1. Between residues in the stretch 34-48 that are on the phi < 0 side of the Ramachandran plot and residues that are aromatic (Phe, Trp, Tyr), which pairs lie under 7 Å by C-beta distance while being six or more apart or on different chains?
2. If a residue has to be more than 15 Å from GLU72 (Cβ to Cβ) and assigned to a loop (DSSP other than H, G, I, E, B) to count, how many in the stretch 106-129 make the cut?
3. Give the residues of the stretch 21-66 that are of a type outside the set (D, E, K, R), outside any loop (DSSP other than H, G, I, E, B), touching a Leu at 6+ places or on another chain (Cβ under 9 Å) and surrounded by 14 or more Cβ atoms within 10 Å (Cβ to Cβ), sorted by residue number.
4. Can you list residue pairs whose Cβ atoms sit under 7 Å apart, with the first residue in the stretch 314-334 being within 23 Å of GLN402 (Cα to Cα) and the second being of a type in the set (Ser, Thr, Tyr) and part of a loop (DSSP other than H, G, I, E, B)? Count only pairs 6 or more apart in sequence or on different chains.
5. Across the stretch 434-453, what is the number of residues that are crowded, with 18+ Cβ neighbours inside 10 Å, touching a residue at least 60 places away in the same chain (Cβ under 8 Å) and in a strand (DSSP E or B)?
6. So, in the stretch 206-221, exactly how many residues are buried (at least 23 other Cβ atoms within 10 Å of the Cβ), over 18 Å from the mean Cα position of the chain (by Cα) and of a type in the set (A, V, I, L, M, F, W, C)?
7. Provide a single number: the residues in the stretch 415-427 that are under 29 Å from the mean Cα position of the chain (by Cα) and more than 17 Å from LYS370 (Cα to Cα).
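Please treat every number below as a calculation from the coordinates, not as lab data. Keep in mind it's a predicted model, so treat the numbers as computed, not measured. Every residue, glycine as well, gets a Cβ built from its backbone with ideal geometry; the counts of neighbours run over all protein chains shown.
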Amino acid sequence: MRKSLYILFGLILLFGQALFGNIINIPDDYSTIQEGLNMANIGDTVLVAPGIYVENIIWPETNGIKLIGSDEENCIIDGYQNGSVICFENHVDSATLVSRFTITNGSASHGGGINCVGSPCLENLMISGNNANCGGGIYCTKSAEPIISEVAISNNIATDYGGGLYCYEGGYPTLIDVTIIENTAEEGAGVCCDRNSNLSLIRTLISDNSAIGEYSSGGGIICGGNSIISLMNVTITNNSAEIVGGIYCDSSSIINLTNCIVWNNTGFEIYVPYGTANVTYSDIQGGWEGEGNIDADPLFADPQNGDFHLTWANFPIPDSTMSPCIDAGDPDPQYNDPDGTRNDMGAYYFNQTVGVDDNQDNMIESEIVKNYPNPFNNITSINYALEHPSFVRLQIYNIKGQLVETLLEENKPAGYHTVEWNVTEKAGINSGIYFYKLSISDKTIIKKMVLIQ
């Protein structure tokens, strides 16, 4: 399945070369990734063959370069403990892409894996085995707005803050379908958000992270310095710290949780001494005030081995084997799960259109879903590929999660497809960040685009 999708993706790249730029092959055209990036122009793709590339990449100022590896397991960028593996020093826009690499062995003061000032798209990456003083995996600052999707951030170390991810002084990343696991830091082992930053987490797992300071807090998340973290369908579990293993919110900061699970963390699950927590339709161990909240064992599939899918042994019989988090999320139909049922709590929904054994991977290959141009002015084309004939739904949402428009709801044949979104003269659609949600049968993916009018 994956092999056939890679072949299909390769054909799509060739088909789009004339329209969207040239392809630079590494190591055939240039021996290093850095050389290829330095020679690339707007819209070019730097395509990297399998191998280990020992580099510390400084991203060029050019917008719209796409760096794509053969696959995330066999295409490795090794920082050789000599700085950040990839450093975005310039404010590149969201047309810039890094996809399908392992990013490892970086060591820096900020951002061992990725140091991000710009706003690129980071997709299908494994960011693992990096270290820094702050932001062992990723460091995001200075109005950076990266979109980070289908990325595994694991086994990174920060001696101070943010083992997995650190947002500081105006970092505004959005994480979708991300796992943040087994990272360590003195504070904020999974995620640290500080100094007027704003972080959005959607369908994200934060588990088994460890804050190791003497009076440590934020094994999962720490939020401070007048920052805001918004979580939708996030599972925070098995994280540890001396005082607050789950979420610590302080210093006039705000956390918003909807459809989340916060369970089995050491110490406090959520602790808000000088901040604000708005929690709705979530499962919080020990309970929490708010509409739709529950306090019940979520019945994870195999938490000892890192499987935090919801279970329902006697599906579809609504008995005690059904996780209390199934069909317990926000009842607004616009937030329904891809199977059309009411939203579940947690990072992984239970697919009620198939049997239990099929509830393991509800994502499609994100690299075959793109829109161009991005950012765009009034018109953009959303491109996707189908290996088999499928029912396709394509919807547009605004930054508040409100449905703006449904572009497509119909059966489509296998092959390459394009849908145009034209907002010319459409009332109420203004400049800003939007998301397009593509649902194919029982699988779904969400991506960000920027409208500039």
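1. Listed by first residue and then by second, the contacts come to GLY36/TYR30; LEU37/TRP59; MET39/TYR30.
2. 7
3. ILE23, ILE24, ILE26, ILE33, GLY36, LEU37, THR45, VAL46, LEU47, VAL48, ILE57, ILE58
4. Short answer, once both residue conditions are applied: ASP327/THR341; ALA328/TYR281; GLY329/TYR281; ASP330/TYR281.
5. Final tally of qualifying residues: 12.
6. 1
7. Residues that pass the stated criteria total 1.
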